[in-house]
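Input: a single structure, listed below in structure tokens.
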Amino acid sequence: LCSDEPCVVIGARSSVLLPFGPLGLVIVDEEHETSYKQQDPAPRYNARDTAMVLARMHGAKTLLGSATPSVETYYKATTGRFGLVELTERYGAAVLPEVNVVDMKRARLRGEVKGPLSADASLTVADATANGGQAIVFINRRGFAPVAECSSCGYSPKCEHCDVTLTYHKRIDRLVCHYCGSQYPLPTVCPACKEPAIEVLGFGTERVEDEVGAAFGGATTLRMDLDTTRSKDSYQQIINDFSGRKADILIGTQMVTKGLDFAGVSAVVILSADALLNVPDFRASERAFNMMEQVAGRAGRRGTPGHVIIQSYQPAHPVLPYVASHDYLGFYSYEIEERRKFLYPPFTRIIYIYIKHRDPREVDSIAVAYTHALRQLFGNRVYGPEEPHVGRIQQLYIRKIMLKIETEASMTKVRTILRDLYERMHSVPGSPIRSAQIYYDVDPM
């Protein structure tokens, strides 16, 4: 029986670090979510894995729930390390939505694209709203336009502190760096060629909201992204307004994929599927499948058949047919063989070693020396060093080294070896490593 203390604790990532008393069960909902991993700043931990350790300490059970389990979790379930329970029907026996992939290259050649939407997408949204339903338009990029570029010379403004192009935000009429938050005015004249030819290109949630609002003049829109949910209770207010049918169309980033239950949604449009598929990371296919399948699952949850449109310039990409057929098992079989072939998790464990320094020559020198020392200890398990996708953030240049460690290896021993190496190199008088930042990310997401 319960005392006056709470019997159930509902919390986000950090709630697993609370001082629990007797614990009987830990439920990790949507266990595939990458947001369970705190990657920066330290302490770097995965709340899902921490929850399992916590439950083990208390002799409790752990329940991991997801319609699209992470590849590592499902592998453990199919190999007997975890128990597996499957729910093969949607709540209320609702039918899974029909999914169609639109070839955007062909659609553009035929003149069937207006703004961000293909003709098929426009028709799907129009049908949904005309019949009293609602629609979700998903694009995983906030702001008005992702690129400002000179049409004369091709110059594109970049952040002074980070090696990234700036995103234009129309609401504040500023260019914003999404890594350090710095803001800049949109130049009226190109700084490189002095021509008044700067224009904004591409689509973010702000621009899509404007375009969709203009295309469906009688429809009311809401936008859900980091910019519209900064204030207290704004996230919940948007959900309440859309659930209460105060808007017909919701435009949003990955926030709209988070297990939301909207009874009136009968149409979902996924813009720029290629931006999800082409990320330079071994988990790109898994993340893309999970995100598209999750957002597709927002449609047709109350009996009305749902319809999903995926817009892509590479409709033959191997992941898209699995999304179109809601075939998680097929995707898992494809992905696990890719991981097995190239020795990625769950067949190895990954450790990223990041080296940061204000001098690009110093960071290169340190990274090369550190990699050489690591190879003497770990052999061909060491890959790199390389410059990551974004090579400078907040004036610090970054290099990355990857370690692939066998799953049966002792991580305690690996940690000891890495610590001893760092201390040995750090103890050398005048060593440049002393002026660098070095940190480790184990099992990165």
Exercise for review: Give the residues of region 348-382 whose amide nitrogen is closer than 17 Å to a point set 7 Å from the Cα of S431 in the direction of its Cβ.
Suggested key: 353-357, 362-378
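Quick one, what does Rg over Rh come out to for region 366-411 if you take C-alpha atoms and the Kirkwood Rh? Could the numbers behind the result be given before it?
Values: Rg = 12.5 Å, Rh = 11.8 Å.
My calculation puts Rg/Rh at 1.06.
Can you pull the percent of the chain's accessible area that's carbon plus sulfur, 1.4 Å probe, other chains left in place?
52 percent
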Point to revise | Nearest-10 value in Å² for the accessible area of Y397, using the 1.4 Å probe | key: 60 Å²
Exercise for review: Using the Kirkwood radius over Cα pairs, work out the Stokes-Einstein diffusion coefficient for region 69-112 at 4 °C and 1.567 mPa s, in µm²/s as a whole number.
Suggested key: 89 µm²/s
Review point. Of S35, S431, which has the most accessible area with a 1.4 Å probe, and how do the rest follow in descending order?
Key: S35, S431
Study note, to complete from the structure: Scoring the chain by relative contact order with C-alpha pairs under 8 Å, at least six apart, yields a percentage of 16 percent
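Mean residue ellipticity at 222 nm from the helices of the chain, using -39,500 (n - 2.57) per DSSP H segment of n ≥ 4 over the full residue count, to the nearest 500 deg cm²/dmol? Write down the numbers at each step before the final one.
Details: 12 runs with 132 residues, N = 445.
Computed ellipticity for the chain at 222 nm equals -9000 deg cm²/dmol.
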Review point. FRET efficiency for R174 and E195, Cβ-Cβ distance as r, R0 = 22 Å, nearest 0.05?
Key: 0.55
Exercise for review: Ignoring everything but the protein chains, give the 1.4 Å probe accessible area of S14 in square angstrom, nearest 10.
Suggested key: 80 Å²
Exercise for review: Report the calculated FRET efficiency for L109 and C7 (r = Cβ-Cβ distance, R0 = 51 Å), to the nearest 0.05.
Suggested key: 0.25
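Over region 86-142, average the accessible area per residue using a 1.4 Å probe and give it in Å², no decimals.
Working: 3450 Å² over 57 residues.
Normalised by residue count, the accessible surface of region 86-142 is 61 Å².
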Check your understanding: With every protein chain in place, what's the accessible area of M104 (1.4 Å probe, Å², nearest 10)?
Key -> 10 Å²
**Study point:** Integer Hz, Karplus 6.51/-1.76/1.60 couplings in order for region 340-351, x for Gly and Pro
**Key:** 5, 5, 10, 6, 10, x, x, 8, 9, 10, 9, 10
**Study point:** Calculated FRET value between V147 and I27, using beta carbons and R₀ = 35 Å, to 0.05
**Key:** 0.25
Review point. Can you give the extra length, in nm with one decimal, that the chain gains between T79 and S243 once fully stretched, where that is 0.36 nm per residue apart less the Cα-Cα distance?
Key: 55.0 nm
Exercise for review: Kindly report the accessible area of region 349-438 per residue (heavy atoms of protein chains, probe 1.4 Å, no ligands, DNA or RNA), in Å².
Suggested key: 56 Å²
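With all protein chains present and a 1.4 Å probe, how do D281, D29 order by accessible area, largest first? Let's see the in-between values first.
On the way: D281 45, D29 100 Å².
Accessible-area ranking of D281, D29, largest first: D29, D281.
For S410, S266, write out the residues from largest to smallest accessible area, computed with a 1.4 angstrom probe and no ligands counted.
On the way: S410 60, S266 20 Å².
From most accessible down to least: S410, S266.
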Review point. Out of residues 5 or more away from I27 or on other chains, whose amide H comes under 5 Å of its own, with H placed 1.01 Å from N in the peptide plane?
Key: L63
**Study point:** Amide H partners (placed H, <5 Å) of F82, local residues excluded
**Key:** A77
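The values are calculated or read from the model by the stated rules, or taken from the named source; none is laboratory data. Since the model is a prediction, treat every value here as computed from it, not as a measurement. With ideal geometry, Cβ positions are generated from the backbone for all residues, glycine too; neighbour counts draw on all protein chains shown. For the accessible areas, the whole protein counts, side chains as well, though only heavy atoms, and no ligand, DNA or RNA atoms are used. Shrake-Rupley method; radii C 1.70, N 1.55, O 1.52, S 1.80 Å.
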